[in-house]
Amino acid sequence: MFESLSERLGRAVRQVTGRGHITEENVRDTVRQIRVALLEADVALPVVRTLVNRVRERASGHEVARSLNPGQVFVKIVHDELVSVLGGDARPIAGKGRPAVLMLVGLQGAGKTTTAGKLVPMLAKRSNGEILLASTDVYRPAAREQLGKLAAQLGAGLFDSGPSDPAAIAVEARAEAARLGCRWLILDTAGRLHIDEALMAEARSIHSAVAPDETLFVLDAMAGQDAVNSAGAFNDALPLTGVILTKADGDARGGAALSVREVTGLPIKLIGTGEKLDALEPFVPDRFASRILGMGDVVGLVEQVESRVDRESVERMARKVKRGRELNLADFREQLKQLRQLGGFDSVLDKLPGIKPGALAAAGLDDRVVGRQIALIDSMTPRERRHPATIDGSRKRRIARGAGLAVQDVNRLLKQHRRLAKAMKQAAKGGMNRVLAQAVQRKGGHWTGK
């Protein structure tokens, strides 16, 4: 989402990074480029003015002038002001009651129903207890059917609404959640393509009927400033407690994320980073400001690895490398699957510092490559996966036909595997033992050194 903005801001701050002395002209030029970058990212004009004025004021004062490394201090100023605009401290989802009620509101198409499903695995990690999903949308049967499918897929409970009044559905769903001893009740409400009084009146009646612990506005990052204006209108009609930003993996320019907190005063609590049901993560302003400036989010990547990567697989691979045994294609397939679990190349590289936007495309890599490589390995026999050296010309042709790809793709896969196996073998001869031991111990395992 922040690719274009990140590239422009990174180019602006690189002008002063590493300088031993910064002039007023340097500050003016860099601040002007930051302003243009923010406006082109569709950030609301009042937010741009506020952020730029803060940066200019701090950069022109003693904070930079008296610093031993003014370039780095300037970058820190930009980072701090971005954090301030994004909301400062992280605000997690809160729920004191049992059941704790989460009410999702927003316009049609913003992703409320999908977000309701994504909340299930995230909340399940935080606390014990059942989670009940309920739809108060009496106008769109597809919304209730979609929620039902999500509930079945996630193993969550579903309240089968009987009444035709949305507020009555919410009251009965809360009573059912209490009877079942559920920890959370997630209410998915109806939306419209535009804001109208009927929509607001319905949302107010549901809110009054169940008094939710959290009333969250689901904001489509692709909608730009229209979404921010809608959030403001809902906030005027309801006591909203926060925002969930969806579709952040799309082509949005990032203006909604940078505007909504400053314009409405509402914190962004969660952000949807993909289509999968586990692609919902806490919004931490400090980390996202770092990602916008190209500094990465290593802490976020570590948390992602901890939650999605199979620990037993990591330990098994570590022992194999430690012993100097060559990784076969079955091992390679396992690593490709782990990469998919992390969300693919884009999700990983987005959190690594120093990776420029578009680097993946320039290198000719994308997540489709991973899918094709897995398909090729799946077309092999178990013996071929364990012993890649046995794959001759006729076997390559059979494997390529099985995967619906060309023989050149098989050759490319085998070449990449040989390079990886060689690199791992060389690493095992060096100081890899200590590194792997530390990695396994950090994941809660015990390194035997065998």
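Readers should treat all values here as calculations from the given coordinates under stated rules, not as data from a laboratory. Computed from a predicted model, the values in this text were never measured in an experiment. No Cβ is skipped: glycine too gets one built from the backbone with ideal geometry, and neighbour counts run over all protein chains shown.
Here r is the Cβ-Cβ distance between ARG14 and ASN128 and R0 is 30 Å; the resulting FRET efficiency, rounded to 0.05, is 0.05.
What is the dipole size for the range 69-121, taken about its Cα centre, with +1 at each Lys and Arg Cβ and -1 at each Asp and Glu Cβ, in debye to the nearest 20? Don't skip to the answer; put the middle values down first.
On the way: 6 positive and 3 negative charges, 77 e Å.
Dipole about the Cα centre, nearest 20: 380 debye.
Ranking of VAL171, VAL78, VAL27 by neighbouring Cβ atoms within 10 Å, starting from the fewest: VAL171, VAL27, VAL78. When both the range 66-139 and the range 194-246 are represented by their alpha-carbon centers, they are found 14 Å apart.
Per-residue packing, averaged as other Cβ atoms within 10 Å, sorts the ranges 143-151, 123-131 into the order 143-151, 123-131, beginning with the highest.
If neighbour count is taken as other Cβ atoms inside 10 Å, put MET103, MET222 in order from fewest to most. Please report the intermediate quantities before stating the final value.
Numbers: MET103 25, MET222 19.
With the fewest neighbours first, MET103, MET222 line up as MET222, MET103.
Placing unit charges on the Cβ atoms of the charged side chains and taking the dipole of the range 100-288 about its Cα centre, the candidate lying farthest along the positive direction among PRO141, LEU277, THR189 is LEU277. Here r is the Cβ-Cβ distance between ASP236 and GLN338 and R0 is 56 Å; the resulting FRET efficiency, rounded to 0.05, is 0.75.
For each of ARG49, ARG58, count neighbouring Cβ atoms within 10 Å of the residue's Cβ, then give the residues from fewest to most.
Values: ARG49 12, ARG58 19.
Exposure proxy ranking, most exposed first: ARG49, ARG58.
Show me 187-199, 390-402, 277-289 ranked by packing, highest mean number of other Cβ atoms within 10 Å first.
Values: 187-199: 17.1, 390-402: 14.4, 277-289: 20.1.
Ranking the peptides 187-199, 390-402, 277-289 by packing returns 277-289, 187-199, 390-402.
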